[in-house]
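First the structure, in the form of structure tokens, and then the observations on it.
The values are calculated or read from the model by the stated rules, or taken from the named source; none is laboratory data. Bear in mind that the values here come from a model prediction, so they are computed numbers and not experimental data. A quick note on method: Cβ atoms are made from the backbone with ideal geometry, for glycine too, and the neighbour counts reach across all protein chains shown. In case anyone asks, the SASA skips ligands and DNA or RNA and just uses the protein heavy atoms, side chains included. Shrake-Rupley method; radii C 1.70, N 1.55, O 1.52, S 1.80 Å.
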Amino acid sequence: MREIILDTETTGLDPFDGHRVIEIGCVELVNSIATGRTWHCYLNPERDVPEQAYAVHGLSADFLRDKPLFADKADEFLDFVESAMLVMHNATFDFGFLNAELQRIARPILTWDRVVDTLALARRRHPGSPASLDALCRRYGIDLCERDLHGALLDCRLLASVYVELVGGHQARLEFAANGAQAAILQAQEIAVRPRPAPLAARISVEESEAHRAFVASLGSDALWLRYA
């Protein structure tokens, strides 16, 4: 199963107040394992970036001024996420912003049946516990040392690790590895053992052999060694 971990950064909280998407990050998973394929872009929002938003992600209007418009990257984005399930944390936020951008350029919008919301998953799995991305990373021992500010691609990589824990993929990988190791052992046991073309030369001297024979004789007729003579 192909899934895309997806995150956005924006100029504000509500697309209907004129706020825009300024960064999109995507990380591809197949069967809950990262493939190494990613997609990422910064976008020119054609407006200012309020100080409150800048404090969250550190993306300024000056930095974004020469970046492409969403319309210039929309087809590339849609090709990357095509047919995959979309995994997002607090999905209504990213989903609403992306669909607002798609509607603005008259492209088909994303549908909710493709969405997995990890915030909802976390609240069901850990009711009453903090469910922010930071809190979940701490719960599962995922390193947050690089997350000074929010960034779409970094957050996607963190969310990918969290998502695997939420759906039990980590345990599944361990079981897969164990089963693989067991199969390798069984396969090795089935390999026929070929006899040596010539016996190995004796590694004890004639004197040592005679001394051993005399020792066994001294043990009497019931000596265990005589059963294997």
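The residues Tyr54, Tyr140, sorted by heavy-atom accessible surface at 1.4 Å with ligands and nucleic acids left out, run Tyr54, Tyr140 from largest to smallest. Computed over protein heavy atoms with a 1.4 Å probe, the accessible surface of the range 1-60 works out to 46 Å² per residue.
Pairs of Cα atoms under 8 Å, at least six residues apart: use those to get the relative contact order of the range 40-107, whole percent. Dividing the mean separation by the residue count of the range 40-107 yields 30 percent.
Taking all protein chains as they are arranged and a probe of 1.4 Å, the heavy atoms of Glu23 leave approximately 10 Å² accessible to solvent.
Counting only protein heavy atoms and using a 1.4 Å probe, the accessible area of Ser218 comes to about 90 Å². Taken along the Cα-to-beta-carbon direction at a fixed 7 Å, the label points for Ser218 and Gln103 span 10.0 nm. Among the trypsin sites (Lys or Arg not before Pro) found in the range 63-141, those both in a DSSP coil and sparsely packed, with 16 or fewer other Cβ atoms within 10 Å of their Cβ, are Arg65.
With N set to the residue count of the range 80-175, report its C-alpha Rg divided by 2.2 N^0.38 Å to two decimal places. This ratio for the range 80-175 stands at 1.18. Ranked from largest to smallest solvent-accessible area, with a 1.4 Å probe on the protein heavy atoms, Met85, Met1 come out as Met1, Met85.
When the accessible area of the range 1-131 is computed with all protein chains present and a 1.4 Å probe, what percentage of it is carbon and sulfur?
Numbers: 3400 of 6530 Å².
Carbon with sulfur: 52 percent of the solvent-accessible area.
Gain in length, His40 to Asp62, computed as 0.36 nm per residue apart minus the alpha-carbon separation, to one decimal in nm? Write out the running numbers ahead of the final one.
Values: separation 22, 0.36 × 22 = 7.92 nm, distance 1.91 nm.
Extra length available between His40 and Asp62 comes to 6.0 nm.
At the residue level, Trp112 shows approximately 120 square angstrom of accessible surface with a 1.4 angstrom probe and all protein chains present.
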